[in-house]
Amino acid sequence: RRCAQRSSSLALGAKPIRLDVQNLTSVMAEGDYLRVHHSPRRFPAVSKVDWGKNILDLDENIGGKNNIPGVIVQEDTEKGYIVLNKPPGVPVHPTVDNLLENVAGCIGRSLLDRNRDQLEGKMLELSLGAKSNSTRTNTYNNKEHKYDDELLYVVTPQRLDQNTSGLFVVATKKQFASYYAKLLRTKTDTIIQQGVAGEDGSGRETKLSLTNENKQGQIKKKYRCLVCIISKDSATDEFDRLLSLENSLVTHYLEKGFGAPRTFSSMRTEDWLPCLLKITDVGKAIPVDGSAASRKLCTAIWGDCDEKPDNCSVIVQVEVELLTGRTHQIRGQMSSLGFPLCGDNVYGGTTSRDTGYVNSDMLALQCCELQFPDPDYEDSNAAEIEKEKKIRALNPAYRKKHKKKKIKAVCSKRSNSFRLDGAWWTHLLEERSGLD
């Protein structure tokens, strides 16, 4: 799985080119720089699931790989999307040194294996069509039977941190990719235009009109997470403070930039990006210190109780509705409120720094609920095409260039709703509760 990249020293800021089999005959030019990753970073979590199997498929003889769990929640080939339950520890996009072990790559290879015969037939038909067309005139190009779309299309129109698990959408049609990306953009823009929280320094807003209803044509996302209650004096007081935030709209501002950690502030700052979320549910306080059962839970969550944050004796499961989609938003906002996520070694949820941010797979954060309007597909040029037909009927000499069909996705009144019953830590909390 070695990976090589090539860039030219003659063009400052030039984007490197990832080399593959298509570059076998390429010739290196003087001044070119070749980078070879002999030991690429690996993501073993990709092999713990079957990327072509439904999550409800429990028959080890169906879907491929013995009894390995599946990830597909729903697949709609007509609309062009797959909703999956992304496991933690898997990046969404290729990394600089690993092209294969990511969501897009795994789903793409799964679709390729499943549709291999059909794809090979299409490729053969295209090849024969190209050969026969070479001896014809250009009238062939006016035929309706053309393959305008890729034989296999897989795109991830959203982001999700490598260590975050849960519901995730993959587009298998160009039109749906554009449609879903637009839904994400317009939601954030609409929320910001309707209002941003005040500057009282608490990061809390009392107006809840933005989130009372899931407006038609908008995406709705909810996340569940485990947060740390950290207090030198009274964990009860800190838990009560968290409980008081239930059903509250929380606002912070994110400093523009890259890398981690990101900087969040409860005070409005010029040119910083507004971040809004609503805390929809606060669970019960669960001890992770003291009794043998508590220490067992602590070890299961952090791997080692020594990696639990100092003065953290209680954890709580929280659900939040994400209103704006910023980098590390839930992690940064909850940490700014004083409740870092368990296992988050960037924002205070663990004392461990050994594995580094990208390799920590114990982050207790999951996208647990997703709603988005189901798309309808229509021809955006239909009216103009019909107009041309009428003109041509009245005037056979009319020679204006034919309009091609241009299919686009638009919001319908139907809605798709998905929810996961539990996260990777759910059974651990249930076991702890059963010991009380």
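The values are calculated or read from the model by the stated rules, or taken from the named source; none is laboratory data. Remember, predicted model here, so these are calculated numbers, not experimental data. Please note: Cβ atoms are built from the backbone with ideal geometry, for glycine as well, and neighbour counts cover all protein chains shown. Side chains included, ligands, DNA and RNA excluded: accessible areas come from the protein's heavy atoms. Shrake-Rupley method; radii C 1.70, N 1.55, O 1.52, S 1.80 Å.
The table below lists the values:
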| read-out | value |
| --- | --- |
| Subset tally (residues that are among the charged types (D, E, K, R), more than 30 Å from Asn85 (Cβ to Cβ) and not in a loop (DSSP other than H, G, I, E, B)) for the stretch 11-51 | 2 |
| Some residue of the stretch 386-393 being at pLDDT below 95, open to solvent by less than 20 Å² (accessible area, probe 1.4 Å) and not aromatic (Phe, Trp, Tyr) | yes |
| Some residue of the stretch 315-322 being of a type outside the set (S, T, N, Q) and more than 16 Å from Cys225 (Cα to Cα) | no |
| Subset of the stretch 163-191 (residues that are open to solvent by 40 Å² or more (accessible area, probe 1.4 Å) and part of a loop (DSSP other than H, G, I, E, B)) | Lys173 |
| Residue list for the stretch 286-328, restricted to those being within 30 Å of Gln158 (Cβ to Cβ), among the charged types (D, E, K, R) and in a loop (DSSP other than H, G, I, E, B) | Arg326 |
| Those residues of the stretch 259-284 which are assigned to a strand (DSSP E or B) and of a type in the set (Gly, Ala, Ser), in sequence order | Ser265, Gly283 |
| Matching entry among Leu112, Leu128, Leu124 (being open to solvent by less than 70 Å² (accessible area, probe 1.4 Å), assigned to a helix (DSSP H, G or I) and over 18 Å from Asn163 (Cα atoms)) | Leu112 |
| Candidate set: the stretch 131-152, residues that are within 29 Å of Val46 (Cβ to Cβ) and modelled with pLDDT under 65; chosen: the one surrounded by the most Cβ atoms within 10 Å (Cβ to Cβ) | Asp149 |
| Among (1) at pLDDT below 95; (2) touching a Leu at 6+ places or on another chain (Cβ under 9 Å); (3) not aliphatic (A, V, I, L, M) - the single one Asn212 does not satisfy | (2) |
| Cross-chain or 6+ apart pairs with Cβ under 7 Å, the stretch 257-274 first and within 14 Å of Gln333 (Cα to Cα) and open to solvent by 50 Å² or more (accessible area, probe 1.4 Å), then part of a loop (DSSP other than H, G, I, E, B) and hydroxyl-bearing (Ser, Thr, Tyr) | Pro261/Tyr347 |
| Odd one out for Glu255, checked against (1) under 21 Å from Ser165 (Cα atoms); (2) out of contact with any Cys (no Cβ under 7 Å at 6 or more places or on another chain) | (1) |
| Count of the stretch 237-247 residues which are in contact (Cβ under 8 Å) with a residue 12 or more places away in the chain and surrounded by fewer than 18 Cβ atoms within 10 Å (Cβ to Cβ) | 4 |
| Count - residues of the stretch 83-98 that are part of a strand (DSSP E or B), open to solvent by 10 Å² or more (accessible area, probe 1.4 Å) and closer than 18 Å to Ile68 by Cβ | 1 |
| All positions within the stretch 68-82 that are in a strand (DSSP E or B) and surrounded by fewer than 19 Cβ atoms within 10 Å (Cβ to Cβ) | Gln74, Glu75, Asp76 |
| Whichever residue in the stretch 315-363 is aliphatic (A, V, I, L, M), within 22 Å of Lys284 (Cβ to Cβ) and modelled with pLDDT under 95 and, among such residues, is least open to solvent (accessible area, probe 1.4 Å) | Leu363 |
